[in-house]
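A short write-up of the structure that comes next.
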Amino acid sequence: MMDAPVLRVAAITKSYHLQTSLASRLSRNENGHTSLRALDGVDLQLNKGEILALVGESGSGKSTLAKILVGGTTPTSGELEYHGEPMPAHRDKDASRRIQMVFQDPYSSLNPRISVGAMLKELLLLHKIVPRGEVRAESVRLLNLVGLEEDALQAYPSQFSGGQRQRIAIARALAVRPDILIADEPVSALDVSVQATILDLFASLQRELGLSILFVAHNLAVVQHLSQRVAVMYLGRIVEVAETSELFSNPRHPYTRALIDSIPRMTAESVNEEFVLEGEPPSPFNVPAGCRFNPRCPYAKDVCRATDPGLEPVAAGHQSACIRAAELPDHSIALSISATRKATA
Amino acid sequence: MTQPLLSVKSLTIGVRRPKGVDTIIVDDLSFEIQRGERFGIVGESGSGKSLTLRAIADLLPAGVEILTGSIRYDGVELVGMPTPARRRLMGPEIAMIFQEPMTALNPVIRVGEQIAEGPRRYLGLSKRDAMKLAIEMMAKTGIPDPVRRARAYPHELSGGLRQRIMIAMALSCGPKLLLCDEPTTALDVTVQHQVLRVLEQLCADSGASLAFVTHDLAVVNQTCSDLAVMYAGHIVESGRVKDVFRDPRHPYTKGLLDSAPDFDQPERELVPIPGFPPNLAARPSGCPFAPRCAFAVEACTVAMPPTVVVAPGHAAACIESQSIFEGVAA
C-alpha cells in the first residue's frame, strides 16, 4: 500500500472570461468565444518525495495549474487535497507555508532593493521559523544548502549571476520549510553549463530533505534526466501520466509521441523525421469536439471526433487519454532508446 | 578554390574609451562561411555570439563598434562601407531573423505589407506584385490560409506563425546569406521542429548560406553542418559538427557537451562546468577558460593559445588540444 499522495487535485477547472461590451454580449449567443478554459478537468497527484514533471506546449495550462497548487489563484471548480485533507480556498499563513514556488526568471522574481539577508530574515521571522537570535545562523545554513557562501547575506540580487539568483530564489522558497516545491521552468532562463548545477541542486534537495517537487518544464531532455514521473498536458488536460522511463520508452498517447519526436537530438543518427506534428495547438477559446488532439493526430478516426476520452489506465502506473492507446503501433524512437539503454546497462 | 561567401578576419568588437582602455567584447575573431554552408555559432550568454552576427548585419547597439578587423562579403569589404551602400545589401544579399518576432515586427502594419516592403524597395516590384510575392512566401513557410493571414497584425498571430512571417520576410528578396539569432528559442518544441524544417528546406531550395547563433547544442546538431564554439569573445573550437561533437578538443566544448542533457543517453551524469565566465572588464590574461579548466597548466595563463588544426577542418585554441583527451573516455 502506497502512502497517500502529498498533493492531489481532482477535476480541477479554471475558466477566464473576456471583458465584453454590453452590445457584443447582446448580439452574441451564449456560445460566443468569450470564455477560456485554461484547465478543463485536471486530475493529478504528487507522491511523497518524488519529482513529478509537468510538460506541454505554451497555453496548455501548466503554469495555471502550478499557480492553483501554490495558492496564487483559486480554481473555478474541483478539489485540491493536501495530505488527504481538503485545502481551504483561502490559505492561512501555515497552509501557504507548506507549498512554495520557484519562478522561471530569477531576474524578475527577486526584489532588487532588498539584500539577500534581509529577504531571508523577513521570512524566518514572519513565519516564526526560528527565534530572532538564530536568524543569522539559519540564513547561513540555507545559503550553504543551495551552494552559496555566508558573504551573500549582505549582497543584493544584482550582484549575482542568473544561476546564483536561481539559488537564492530556491533558498527563499526553502526558508519557510515547505514540504512541496513547485518549480515553474526554473532552468529555462539559464545557460546550459549552469542548468546542470541547478538540476543537481533539485535532485539533492529531493534526496536530502525528502521534498516533493512538481517541476514544470518544456525541455524533455531535462525532464528525462531529473524526474521520476511525467505528466503531459495538452490544452487544459493531462493526456498521459507514467513513470519517466515508461513514458519515454512506451508512449501511449500520440501527442506524447509527437513531443518526443520533436526533441532536437545530440546524435545525428537519431534524427527522426517520421512523425512531424502539423499545425499549432488550437485556441483554448475553441476546443475541438471529441478528443482535443484529433485535428493534429495522424491516428484519428471518426470515433475520436465523437468522444472526449478521459484518462484511463493502460499499464501499472501508466494512464493515457487516448481511446486507441492499446492499438497504437510501437514507437520507433522509443525502441531505439530502450536499445541504447540495454546496451549501456 | 572559390572564395567564401563571408570571410571574417581578426574581427574585434568593443566599446571605445577615449580615456583609458577599450572594453573588448569580441576578440580577434576569424571564420569563413562557404556558399550553401550552414554554419552554427554556439556559446553561452555573454560569449559575443550575437554581437558577431549583429556586426555582420551592421546592427551593433549604440556605443559598441568594430574596433579592428575585416568582414568581407562576396569579396567586398563591409567594414567602413558607407551606410547607404551597406543598407542596400541588407535584404537582397544579407537578411536577418531575430529571436523574438514580436519585437522585430512592426505592431501597427499588417504582416503582408511588412513582407512586401522589401521586394518593393529592392526588387522594384509593383505594390500588387510585391503582395503576391509576400503571399507566396507565406505559403512556402507553411502558413495556412496565407491570403487571409496577410491581412493580420502581428499580435493576432501565434509565436510560431510570427517566426514564419520573419522567415518569409527575410527570404522575400532572395538573400544569399541568412543570419539567424536564436530563431527558435522562444518557441515550443513541436513548433521549433516545424520552423527549423521550414528554414532548412527554404535555404536548401534557394542555396542560401546560414549563420545560425544558438546556445542549444542539439539544435546545432540538427540544423548546421559546421560550427564554431565561442567563449568570452573567442572562437575556442571549430569544425564539422559531427567531428566536434564526437571528438571535442577544447575543454570548454567538452564541458558544454557533458553538461547538456542528451535525450539519447538518459543515464549519463550531467557534469557542470565549475566557476563562471570571466567578467568582460577584468579578463584574465592568457586563455579565458583557464580559471575554470581542469587541464590548465601554467602556460595557459600567460598567453592566448594559438588555434591549432587538430584534424582536417577541425581546429581548437588549446595548447593541449592534441593530447588533452587521450586516455580520457569520450
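Highest-first packing order for the peptide set B:132-145, B:299-312 is B:132-145, B:299-312, based on the mean count of other beta carbon atoms within 10 Å.
Computed from the C-beta positions of B:Thr103 and A:Arg141 and an R0 of 60 Å, the FRET efficiency is 0.90 to the nearest 0.05.
Candidate cross-link partners of B:Lys127 among the aspartates and glutamates, defined by an alpha-carbon separation under 19 Å and a same-chain spacing of 8 or more, comprise B:Glu113, B:Glu117, B:Glu136.
Provide Rg over Rh for chain A; use the alpha carbon set for both Rg and the Kirkwood Rh (inverse mean inverse pair distance). Ratio of gyration radius to Kirkwood radius: 1.00. Take B:265-273, A:56-64 and order them by the average number of nearby Cβ atoms within 10 Å per residue, most first; the result is A:56-64, B:265-273. Considering only A:Phe248, A:Phe293, A:Phe160, the mean-square fluctuation computed in a Gaussian network model of chain A, springs between alpha carbons under 10 angstrom, is largest for A:Phe160. The alpha-carbon of A:Lys93 sits under 20 angstrom from the alpha-carbons of these lysines, leaving out residues fewer than 8 places away in its chain: A:Lys67, A:Lys121, A:Lys128.
Shielding of peptide A:54-61 by partners, expressed as the average count of other chain Cβ atoms within 10 Å per residue Cβ, is 2. If the elastic network links every pair of Cα atoms under 10 Å, which of B:Gly124, B:Gly112, B:Gly174 fluctuates the most in the Gaussian network model of chain B? Top of the fluctuation ranking is B:Gly124.
Under 20 Å from the 7 Å Cα→Cβ point of B:Glu32, by amide nitrogen: which residues of the range B:194-223? Residues B:208-212 fall inside that zone. Could you work out which residue, out of A:Ile213, A:Ile68, A:Ile180, moves most in a Gaussian network model of chain A, that is, has the largest mean-square fluctuation with Cα springs under 10 Å? Top of the fluctuation ranking is A:Ile68. Based on DSSP, what percent of beta bridges with both residues in the protein assembly as shown are antiparallel, to the nearest 5? The antiparallel fraction comes to roughly 60 percent. Give me the log10 of I(q) over I(0) for the range B:87-228 at q = 0.16, 0.17 Å⁻¹, as the Debye formula computes it from C-alpha points; what are the numbers? The Cα Debye sum returns log10 ratios of -0.78, -0.88.
For peptide B:177-190, the mean count of partner chain Cβ atoms within 10 Å of a residue's Cβ comes to 3.
Of all DSSP bridge pairs formed entirely within chain B, close to 60 percent run antiparallel.
Between amide H atoms placed 1.01 Å from N, distances below 5 Å from A:Met87 occur with A:Leu80, A:Glu81, A:Tyr82, all of them 5 or more places distant or on a separate chain. Could you go through the range A:48-56 in sequence order and give the Karplus-derived ³J(HN,Hα) for each residue, using 6.51 cos²θ - 1.76 cosθ + 1.60 with θ = phi - 60°, rounded to whole Hz, and x for Gly and Pro? With the stated coefficients, the range A:48-56 comes to 5, x, 10, 9, 10, 9, 10, 10, x Hz. Remark: B:Tyr252, B:Tyr73, B:Tyr153, B:Tyr122 ranked as B:Tyr153, B:Tyr122, B:Tyr73, B:Tyr252, counting other beta-carbon atoms within 10 Å and listing the fewest first. Pairs with C-alpha atoms separated by more than 30 Å, drawn from the list B:Lys176/B:Lys254; A:Lys48/B:Lys254; B:Lys132/B:Lys176; B:Lys9/B:Lys176; B:Lys140/B:Lys254, are B:Lys176/B:Lys254; A:Lys48/B:Lys254; B:Lys140/B:Lys254.
Shape class of the protein assembly as shown from the Cα gyration tensor (axes a ≥ b ≥ c, square roots of the eigenvalues): oblate, since a/c reaches 1.5 or more and a/b does not exceed b/c. Distance between the 7 Å Cα→Cβ label points at B:Ala299 and A:Thr267: 3.5 nm. Label sites at B:Val308 and A:Leu126, each approximated as a point 7 angstrom past Cα along Cα to Cβ, lie 5.7 nm apart. Counts of other chain beta carbons within 10 angstrom of each beta carbon in peptide A:218-224 average 5.
Is the C-alpha gyration tensor of chain B telling us rounded, prolate or oblate? Criteria: a/c under 1.5 is rounded; beyond that, a/b larger than b/c is prolate, otherwise oblate. Prolate is the answer for chain B, as a/c is 1.5 or above and a/b outweighs b/c.
The B:Ala85 and A:Tyr299 beta-carbon pair, evaluated with R₀ = 51 Å, returns a calculated FRET efficiency of approximately 0.35.
Every number in this text was worked out from the coordinates using simple rules, so none of it is lab data. What you see is a predicted model; the values in this text were computed from it and never measured. So basically every Cβ, Gly included, is an ideal-geometry build from the backbone, and we count neighbours across all protein chains shown.
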